Amino acid sequence: MKNPLPWQAIDTVFLDMDGTLLDLHFDNHFWQEHVPLRYAEKHAISLDDAKQALYPRFRAVEGTMDWYCVDYWSRELDLDISALKRELEHLIQVHPHVAEFLETLRRSGRRIALLTNAHHKVIDLKMASTGLAEHFDHLICAHAFRVPKEDPQFWPRLAAEDHFDPQTTLFVDDSLPVLRAARDYGIRHLRAVRLPDSKLPPKQTEDFIAIESFSELLEGLV
């Protein structure tokens, strides 16, 4: 690996869920295709008309807690978003080498926390579907702090509740705005994800060091 992590200097590991540990294809397909389909059926309109109606509404709240809130969208669209997600549960997939990485990380004795903007109902669904919860010391939901991870207020609020040293913390995420906020707060060890959605081409990660597979992080991890 070109940029191996200094594992001897890391004692806390924060890991994002969607697009990082899990294939973002589930979420992209859900919001881009499945919700518009069910919305079209409900309102007896075409799928294209549903997309034209919904996509601007989605974009309008990106980067806010509402975007990540199942209850918000259930109210706004008059659809049971949790039930619709369960319809596509078969598409929830763990990225390659994630389980091996988490098992090795657990054996190393480091503290491991899931750190996600996803609503707690989505966390419950995906942890039940994948069985990954057992690898974590904590499952941390940004909804508890009322701001998403990309908001500058998030990291101080997290630190006030969950004491960690930014200098000895690794954070892995597929979102560049989230990584920028973490860097601004002072998180020293950051990794981006180059292939969050297995059905899409690799993404550009600016000046963040990126991984294509969690196997790349195993070097030196003991």
Checklist outcome for this item: Taking a ≥ b ≥ c as the square roots of the eigenvalues of the Cα gyration tensor, with a/c under 1.5 meaning rounded and otherwise prolate when a/b exceeds b/c and oblate if not, the range 94-163 is oblate
Item to check | Charge dipole (debye, nearest 20) of the range 26-90; +1 at Cβ of Lys and Arg, -1 at Cβ of Asp and Glu | outcome: 60
Checklist outcome for this item: Taking the dipole of the chain about the Cα centre (Lys, Arg +1; Asp, Glu -1; charges at Cβ), the one of THR130, PRO166, GLN93 that reaches farthest to the positive side is PRO166
Item to check | Value of relative contact order over the range 97-179, rounded to a whole percent, pairs C-alpha under 8 Å and six or more apart | outcome: 26
Item to check | Selected from HIS43, HIS34, HIS119 as most flexible by GNM, with the chain as the system and alpha-carbon contacts under 10 Å | outcome: HIS43
Checklist entry - If you project the alpha carbons of the range 26-90 onto their three principal axes, what span does each projection cover, largest first, in Å? => result 29, 28, 20
Next on the checklist: Let's see if you can work this out: charge +1 on each Lys and Arg Cβ, -1 on each Asp and Glu Cβ, no other charges. What is the dipole magnitude of the range 94-185 about its Cα centre, in debye to the nearest 20?
Outcome noted: 40
Checklist outcome for this item: Computed over the range 26-90, the relative contact order (Cα-Cα under 8 Å, seq sep at least six) in percent reads 29
Checklist entry - Applying 1/(1 + (r/R0)^6) with R0 = 30 Å to the Cβ-Cβ distance of VAL222 and TRP67, what FRET efficiency is obtained, to the nearest 0.05? => result 0.15
Next on the checklist: If you filter the range 136-222 for GluC sites (Glu not before Pro), then keep DSSP loop positions with at most 16 other Cβ within 10 Å, what is left?
Outcome noted: GLU206, GLU212, GLU219
Checklist entry - Given only helices, namely DSSP H runs of n ≥ 4 each adding -39500 (n - 2.57), what is the per-residue ellipticity at 222 nm of the chain, to the nearest 500 deg cm²/dmol? => result -10500 deg cm²/dmol
Checklist entry - Using the count of nearby Cβ atoms within 10 Å as a rough guide to exposure, how do VAL193, VAL35, VAL147 rank from fewest to most? => result VAL147, VAL35, VAL193
Next on the checklist: Can you sort LYS199, LYS149 from fewest to most other Cβ atoms within 10 Å of each residue's own Cβ?
Outcome noted: LYS199, LYS149
Checklist entry - Does anyone have the angle between helix 47-60 and the longest principal axis of the chain? Alpha-carbon axes, 0 to 90°, nearest 10? => result 50
Item to check | On Cα atoms only, tilt of 120-130 relative to the major axis of the chain in degrees | outcome: 70
Checklist entry - GluC sites (Glu not before Pro), restricted to the range 1-108: which are DSSP loop and have at most 13 other Cβ atoms within 10 Å? => result GLU62
Item to check | For the range 49-74 and the range 118-141, distance of Cα centres in Å | outcome: 23
Checklist entry - What residue among LEU84, LEU15, LEU102 has the largest mean-square fluctuation in a Gaussian network model of the chain, using Cα springs under 10 Å? => result LEU84
Checklist outcome for this item: Matching label for the computed mean projected area of the Cα convex hull in nm², out of (1) 13.2; (2) 11.9; (3) 10.5, is (2)
Next on the checklist: Connecting C-alpha atoms closer than 10 Å in a GNM of the chain, tell me which of SER46, SER129, SER82 has the biggest fluctuation.
Outcome noted: SER46
Checklist entry - In which sequence would ASP71, ASP11, ASP207 go, from the one with the fewest C-beta neighbours within 10 Å to the one with the most? => result ASP207, ASP71, ASP11
Item to check | Farthest toward positive dipole pole in the chain [+1 Lys/Arg, -1 Asp/Glu at C-beta], among LEU102, ILE187, ILE209 | outcome: ILE187
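Each reported figure results from applying straightforward, stated rules to the coordinates on display, with no laboratory input. What you are looking at is a predicted structure, and each value in this text was computed from that prediction instead of being measured. As a convention, Cβ positions derive from the backbone with ideal geometry for all residues, glycine included, and neighbour counts pool all protein chains shown.
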